[in-house]
Number of protein chains: 2
Amino acid sequence: MYPYQRLFDFSRQIFLAIGCPPEDAQTASETLLSADLRGVDSHGVARLIGYIRLWEAGRINATPTIRIVHETPSTATVNGDGGLGLVVAPKAMQIALEKAKVAGSGWVSVKNSNHFGIAGYHAMKALELDMIGVAMTNASPLVAPTYSLERLLGTNPIAVAIPAKEQPPFVADLATTTAANGKLEMLQRKNLEAPHGWIQAVDGSPSINPNELKDGGALLPLGGDTGSHKGYALGAVVDIFSAVLSGANYGPWVPPFVSFLAPPADPVGEGIGHFFGAMRVDAFRPAEDFKLHMDNWITRFRSSKAKEGHQVLIPGDPERLFTEQRLKEGIPLLPPVVKDLEGLGEKFGVTL
Amino acid sequence: MYPYQRLFDFSRQIFLAIGCPPEDAQTASETLLSADLRGVDSHGVARLIGYIRLWEAGRINATPTIRIVHETPSTATVNGDGGLGLVVAPKAMQIALEKAKVAGSGWVSVKNSNHFGIAGYHAMKALELDMIGVAMTNASPLVAPTYSLERLLGTNPIAVAIPAKEQPPFVADLATTTAANGKLEMLQRKNLEAPHGWIQAVDGSPSINPNELKDGGALLPLGGDTGSHKGYALGAVVDIFSAVLSGANYGPWVPPFVSFLAPPADPVGEGIGHFFGAMRVDAFRPAEDFKLHMDNWITRFRSSKAKEGHQVLIPGDPERLFTEQRLKEGIPLLPPVVKDLEGLGEKFGVTL
């Protein structure tokens, strides 16, 4: 088990070592490690080496000038200047929150960014301000639209965070695919079969081979066998809000997160795209009323009559329990992840 | 086949007969029949009798004063005054569009309404203004959250309409369940089994009996066997945006659409709720740029290599083809629907 603070300090020093300003190194580490705290191991410190490799390949700018390039009272388009998505996204979300303070709501589309960690973290920034937060991003194409043999969309997550009063907040954070790519990576490592409805082979036939993507297969949109057109439509909306609105790359043109794959030679925009939203709850009704009714909503759903041995959960419940546990007991890391981090530490003269 | 104009005139006269002002009768008929034109037979003129029965039961106000009760530059809360959802929703969407003209985006939560027809119709109102339109609504509880034995959510649809330039627009309109209730009704009428993953029995076990809901069963959230927690989260977001923000009834308190079921005796709000959004595309980048890239997005996806005998569709394609066909050839009605309409006609002295 690795204490949160130890991984945080390590990560911060690595970001400082590649030239990030101190404030950005802090922000990037907080954003990155929020995934480990919330139990999304695939998106946390395990990916630190991925970001560094992209920087080494000249595909991440450690000292970006992140700026608004277009705006109205309730909207903005942000150019991330090729910075770490871990830094660009919090700045863009901040702009959405500031807009919402004045105009009731704020909506920000971002171009020229890259992987931003977990969507839920950004959406949750709204909570302490009694706002509803929304975060989405497009990502490297791994998903075949309904009937397609080609991978045209990323796992394109949608997160929505909603405050309550006494109850913990409602935090939905979901890939618009049957399964997130991180879950597939876990099956690959453990050499296990994937459940039906997650994957198709290169010829479009159903597959349970978690390595199918290496042979031209694809992840399936949410809905799998019985309604993948819905997951496809949702993933497409995320792609368009994140990238066609902002001027980032979309669909099959989204650059890969891994440094050993080159970005498409014919880009249709700049970097990858995100989309953020914030709505003040008191832009609709008094915040106190809203939060009391959210408590009632949450209590009613959580106390619903459930299947034997189960309880009805509120979106965000499992991740909150992970956070409590991991702040207390530390964060478990797989041996290959520790090896990656030690290698990084050696290269940059930082002790894990 | 019934010509569109004939059904429109009939519907308009029925709405006039129950006391709707002429403008509202026109709006309600347009909204209702947009479902028939788009091939969503369950939500069209087949439901006219349902609205009238609710009016007869004193649960719909034919002469509502629809008003903004709370607002900011980019948001509003609207009280539908118990009016037809078919009239309340277009007025609320209009408010979202007006807000967006000034503030870049507009977001409207609505209480004290009822069934609003198809979500896609309202979202599409944004298109001619070069805006992106969003529409959602909660609905009578038919859906069990993951692990629940109780029906706590409606089929809670989400619609997003996005303009393009030469290409037809992108119009996603999806229930957050595996299957819309309308599709289940079709199976009931034809006495056919339902696909796996649509339904659970009263004890939570999987079922393929389309009549299971009558015995305490439930529809399943989008994702079915492999990810129903995602559909549950999306349906919950729709419920909260539509009803907790506005002050309508939410979750199991949403009043039923059918007049023979009484509304819950302990309401937590007023009527049912909707949520509408509008974003000017030129609030993010020049509209011309955006629309050219949408053309490119649509063309690339539509020309994707597809499974034998299939083509990759763009959300909205099937509904657009229905509209073209039905405007030309007329709208098919099932015999029981014709009988309902003739009965209505007799009662109100209107010829079908």
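Odds and ends about this structure:
- Count of region A:218-236 residues which are facing another protein chain (nearest Cβ under 8 Å) and surrounded by 23 or more Cβ atoms within 10 Å (Cβ to Cβ): 10
- Any pair with Cβ under 8 angstrom, 6 or more apart, that starts in region A:65-87 at a residue that is free of Cβ contacts under 8 Å to residues at least 40 places away in the same chain and ends at one that is assigned to a loop (DSSP other than H, G, I, E, B) and of a type in the set (D, E, K, R): A:Thr65/A:Asp81; A:Ile66/A:Asp81; A:Arg67/A:Asp81; A:His70/B:Arg285
- Hey, A:Leu48 open to solvent by less than 10 Å² (accessible area, probe 1.4 Å) and under 15 Å from A:Asn112 (Cβ atoms) or not: no
- Condition met for B:Glu30 (surrounded by fewer than 18 Cβ atoms within 10 Å (Cβ to Cβ) and either aromatic (Phe, Trp, Tyr) or not assigned by TED's automatic domain parsing to the domain that holds B:Pro263 (or both)): yes
- Residue match in region A:64-86 (condition: in contact with a helix residue (DSSP H, G or I) (Cβ under 6 Å, 6 or more places away or on another chain) and part of a helix (DSSP H, G or I)): yes
- Scan of region A:135-159 for residues that are of a type in the set (A, V, I, L, M, F, W, C) and open to solvent by less than 10 Å² (accessible area, probe 1.4 Å), ordered by number: A:Ala135, A:Val143, A:Ala144, A:Leu152, A:Leu153, A:Ala159
- If you filter region B:181-214 down to residues that are of a type in the set (Gly, Ala, Ser) and open to solvent by less than 30 Å² (accessible area, probe 1.4 Å), you find that the one that is nearest to B:Ala135 (Cα to Cα) is B:Gly182.
- Any hit, region B:344-351, residues being outside the structural domain of B:Val102 (by TED's automatic domain parsing), more than 24 Å from the chain's Cα centre (by Cα) and surrounded by 16 or more Cβ atoms within 10 Å (Cβ to Cβ): yes
- Of the strands (runs of 3 or more DSSP E) lying entirely inside region B:109-175, those containing at least 1 residues that are among the aromatic types (Phe, Trp, Tyr) and not assigned by TED's automatic domain parsing to the domain that holds B:Trp55 span B:170-174.
- Any hit, region B:228-235, residues being more than 24 Å from B:Leu187 (Cβ to Cβ) and either out of contact with any Leu (no Cβ under 7 Å at 6 or more places or on another chain) or not charged (D, E, K, R) (or both): yes
- When residues of region A:194-217 are limited to those that are touching a helix residue (DSSP H, G or I) at 6+ places or on another chain (Cβ under 8 Å) and hydrophobic (A, V, I, L, M, F, W, C), the one farthest from the other protein chains (Cβ to nearest Cβ): A:Leu213
- Region A:312-330, subset of a type in the set (Val, Ile, Thr) and more than 19 Å from the chain's Cα centre (by Cα), residue nearest to A:Asp295 (Cα to Cα): A:Ile314
- Check on B:Gln311, of a type in the set (S, T, N, Q), loosely packed, with under 14 Cβ neighbours inside 10 Å and facing another protein chain (nearest Cβ under 9 Å): yes
- When B:Val143, B:Val110, B:Val134, B:Val102 are checked against the criterion of being touching a Ser or Thr at 6+ places or on another chain (Cβ under 7 Å) and under 27 Å from A:Pro286 (Cα atoms), B:Val110 stands alone in meeting it.
- The set of residues from region A:231-267 being more than 21 Å from A:Arg53 (Cβ to Cβ) and touching a His at 6+ places or on another chain (Cβ under 7 Å) comprises A:Ser242, A:Val244.
- Region A:284-306, residues that are open to solvent by 10 Å² or more (accessible area, probe 1.4 Å) and in contact (Cβ under 8 Å) with a residue 60 or more places away in the chain: A:Ala287, A:Glu288, A:Lys291, A:Leu292, A:Asp295, A:Thr299
- Within the set A:Pro163, A:Pro64, A:Pro169, the sole residue that is touching a Lys or Arg at 6+ places or on another chain (Cβ under 7 Å) and more than 8 Å from chain B (Cβ to nearest Cβ) turns out to be A:Pro163.
- Yes/no for A:Pro267 being touching a Pro at 6+ places or on another chain (Cβ under 6 Å), surrounded by fewer than 23 Cβ atoms within 10 Å (Cβ to Cβ) and more than 7 Å from chain B (Cβ to nearest Cβ): no
The values are calculated or read from the model by the stated rules, or taken from the named source; none is laboratory data. Bear in mind that the values here come from a model prediction, so they are computed numbers and not experimental data. Neighbour counts are summed over all protein chains in view; Cβ atoms, including those assigned to glycine, are modelled from backbone coordinates with ideal geometry. Remember, those area values only see protein heavy atoms, side chains included, never the ligands or the DNA or RNA. Shrake-Rupley method; radii C 1.70, N 1.55, O 1.52, S 1.80 Å.
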